[in-house]
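Below: the structure, in structure tokens.
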């Protein structure tokens, strides 16, 4: 059977359940994934005075070919995008500013320091998202930033976040698509604190000051990101899930859920439907924790599929902003981007190929036997054939053939970097 015959046969199987493959492809190609730039250089950034990676973040491995300059990083992203179906976004951290060799403190960053990123994004018709960088800095050396007891240090980070919102607004205005600007801080204590309330009050007041300046939501979408624990903050994190969930609801900002920031048995997929009842929008950083927030490359596992199903079955594709967040230096970095992003798109396709209306009806009628049976049978429907056809229609390699492109790029480009 030829590939076209296999696709037509698979298409008919799904159409028996009222699933129109042409409509599925049309929907899928319009779902942007925000791809994180920091996979390409191990969260290094381009600060003139950059220091060691810190703030509970760790990157393992030393695979050759890491991007050393903004030009190299953008070239690597372009290569990955050529292997990923669809039109997507790029997510930047503040440390990826380009300051022409000048030392510019983070609280003094301006839109002009990201003009080259915007020019590049326009050329490739990409949206940009943004994050202030509140780690890997001498003023965060003790693990505290927006919750710091020293008012001068706290003000430095407040001003950095204010500057970051203006940069995000600049991205949105220039590119014609709102920039998600997300605040994550490493603040916490390694051992059991004697006062949990005061640092959280300081964080709340700092956020109030940061968000005091109103910015047009046509250009900027604000978000705050929680965490359960991290290296150096094993006992207590100031910005917990409960803190940020409450703050976001009260102050009309988005709550961003990072799949690596919870207990290993706590499923982010289970939080999505609950939060959709109370938020107009949600944001995700999809990662893969292995026992802790170790940010492994996203694989096509059960939780990824469940996240996609929760978004699709609840008609929330226009409400949930999907971003990625992993950094693996043990494998080819372009391949890491490609694997992780393709898997996120695969999961969305898998979810779009399920008969959700029928499954919901079975659940409402208490027919749990048939519901479970159908869910299990659809796991072996010819999903792979549909995925391969989608890749072909989007002019990117199908199956594992993209590996040849990465290998060639490694031989011709990455291997020449010292």
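The values are calculated or read from the model by the stated rules, or taken from the named source; none is laboratory data. If you're wondering where the values come from, they're calculated on a predicted model, not measured in any experiment. Virtual Cβ from ideal backbone geometry, glycine too; neighbours counted across all protein chains shown.
Anything in segment 136-178 that is out of contact with any strand residue (DSSP E or B) (no Cβ under 9 Å at 6 or more places or on another chain), outside any helix (DSSP H, G or I) and either surrounded by fewer than 21 Cβ atoms within 10 Å (Cβ to Cβ) or on the phi > 0 side of the Ramachandran plot (or both)? List them, or say none.
Residues satisfying the conditions are 136, 141, 142, 149, 150.
Output the residue which, of all residues in segment 93-103 that are assigned to a loop (DSSP other than H, G, I, E, B) and touching a residue at least 40 places away in the same chain (Cβ under 8 Å), is surrounded by the most Cβ atoms within 10 Å (Cβ to Cβ).
Top of the filtered list is 97.
Within segment 109-134, track down each residue that is surrounded by fewer than 22 Cβ atoms within 10 Å (Cβ to Cβ) and closer than 13 Å to residue 47 by Cα.
If the condition is that a residue be surrounded by fewer than 22 Cβ atoms within 10 Å (Cβ to Cβ) and closer than 13 Å to residue 47 by Cα, then 113 is the only one that fits.
Please state which one of 270, 332 is surrounded by fewer than 23 Cβ atoms within 10 Å (Cβ to Cβ) and touching a helix residue (DSSP H, G or I) at 6+ places or on another chain (Cβ under 7 Å).
Just one listed residue meets the conditions, 332.
Can we say residue 181 is part of a loop (DSSP other than H, G, I, E, B) and at pLDDT 95 or above?
So residue 181 fails the test.
Considering each of 77, 90, 57 in turn, give the residue that is assigned to a loop (DSSP other than H, G, I, E, B) and under 17 Å from the mean Cα position of the chain (by Cα).
Result of the check over 77, 90, 57: 57.
Restricting attention to segment 245-265, which residues are touching a residue at least 24 places away in the same chain (Cβ under 8 Å) and either under 18 Å from residue 289 (Cα atoms) or assigned to a loop (DSSP other than H, G, I, E, B) (or both)?
Listed by number, the residues that qualify are 253, 256, 257, 258, 259, 260, 261, 262, 263, 264.
Please verify whether residue 217 is surrounded by fewer than 22 Cβ atoms within 10 Å (Cβ to Cβ), touching a residue at least 24 places away in the same chain (Cβ under 8 Å) and within 26 Å of the chain's Cα centre (by Cα), treating the condition exactly as stated.
yes
Of the conditions (1) touching a strand residue (DSSP E or B) at 6+ places or on another chain (Cβ under 8 Å); (2) surrounded by fewer than 18 Cβ atoms within 10 Å (Cβ to Cβ); (3) under 19 Å from residue 54 (Cβ atoms), residue 190 fails just one. Which one is it?
(1)
Could you tell me which of the residues 23, 52, 72 is more than 19 Å from the chain's Cα centre (by Cα) and modelled with pLDDT under 95?
52
Inside segment 148-170, can you point out the residues that are under 20 Å from the mean Cα position of the chain (by Cα) and in contact (Cβ under 8 Å) with a residue 60 or more places away in the chain?
164, 167
How many residues does segment 34-64 hold that are buried (at least 19 other Cβ atoms within 10 Å of the Cβ) and touching a helix residue (DSSP H, G or I) at 6+ places or on another chain (Cβ under 7 Å)?
8
Tally up the residues in segment 9-31 that are part of a loop (DSSP other than H, G, I, E, B) and surrounded by fewer than 17 Cβ atoms within 10 Å (Cβ to Cβ), please.
Number of matching residues: 6.
Given the condition in contact with a helix residue (DSSP H, G or I) (Cβ under 6 Å, 6 or more places away or on another chain), surrounded by fewer than 18 Cβ atoms within 10 Å (Cβ to Cβ) and in contact (Cβ under 8 Å) with a residue 24 or more places away in the chain, answer yes or no: does some residue in segment 370-377 qualify?
No, segment 370-377 has no match at all.
Report the residue count in segment 104-134 for those that are more than 21 Å from the chain's Cα centre (by Cα) and in a helix (DSSP H, G or I).
Total meeting the criteria: 10.
Only one of these is touching a helix residue (DSSP H, G or I) at 6+ places or on another chain (Cβ under 6 Å), within 24 Å of residue 230 (Cα to Cα) and in contact (Cβ under 8 Å) with a residue 60 or more places away in the chain: 145, 133. Name it.
Only one candidate passes the filter, namely 133.
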